[in-house]
1. Looking at the structure I just gave you, is residue 48 more than 15 Å from the chain's Cα centre (by Cα) and open to solvent by less than 80 Å² (accessible area, probe 1.4 Å)?
2. For the stretch 82-105, which residues satisfy the criterion of being surrounded by 10 or more Cβ atoms within 10 Å (Cβ to Cβ) and either at pLDDT 95 or above or of a type in the set (S, T, N, Q) (or both)?
3. For residue 9, are the conditions met, namely being modelled with pLDDT under 95, farther than 11 Å from residue 66 by Cα and either open to solvent by less than 70 Å² (accessible area, probe 1.4 Å) or of a type in the set (Asp, Glu) (or both)?
Amino acid sequence: MEHGSLTDESLPTFSVIDEDHTLANSVRFVLNQDPRVSFCEYSIPHPSDNNVNIRVQTTGDSAKDVLKDALHDLEAMCQHVRSTFDASVTEFKETQPMKKMEVDE
């Protein structure tokens, strides 16, 4: 859900339902790397709620588009981490000798 000025697309606050610090901090980090973003922060309205408010202020671009780009970048980062991890696990398993399990009779 988007909150904020309907006339200025560079100053909204986005509410994300059923998320917490894990996603919010990651999105904040990616947004702050974007040169189109002049300010970004997030808050959790109440500790017992799984809702996050992400405030984005851009240098003039649509904050919605900047947020979408940041989410695509974050997805690409996660896919890279996952594929690197999977490759490392496969390499580790291939280099380890097979150990026989002894069965007690």
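1. Taking the combined requirement at face value, the residue does not satisfy it.
2. Answer for the stretch 82-105, where residues must be surrounded by 10 or more Cβ atoms within 10 Å (Cβ to Cβ) and either at pLDDT 95 or above or of a type in the set (S, T, N, Q) (or both): 82, 83, 84, 85, 86, 87, 88, 90.
3. So residue 9 fails the test.
Every residue, every condition in (1) of a type in the set (Gly, Ala, Ser); (2) at pLDDT 95 or above, yes or no:
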{"position": "5", "(1), (2)": "yes, no"}
{"position": "14", "(1), (2)": "no, no"}
{"position": "27", "(1), (2)": "no, yes"}
{"position": "44", "(1), (2)": "no, no"}
{"position": "47", "(1), (2)": "no, no"}
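The values are calculated or read from the model by the stated rules, or taken from the named source; none is laboratory data. Note that this is a predicted model, so its numbers are computed, not measured. Cβ: placed from backbone, ideal geometry, glycine included. Neighbour counts: every protein chain shown. Areas reflect the complete protein model, heavy atoms only, side chains present, ligands, DNA and RNA absent. Shrake-Rupley method; radii C 1.70, N 1.55, O 1.52, S 1.80 Å.
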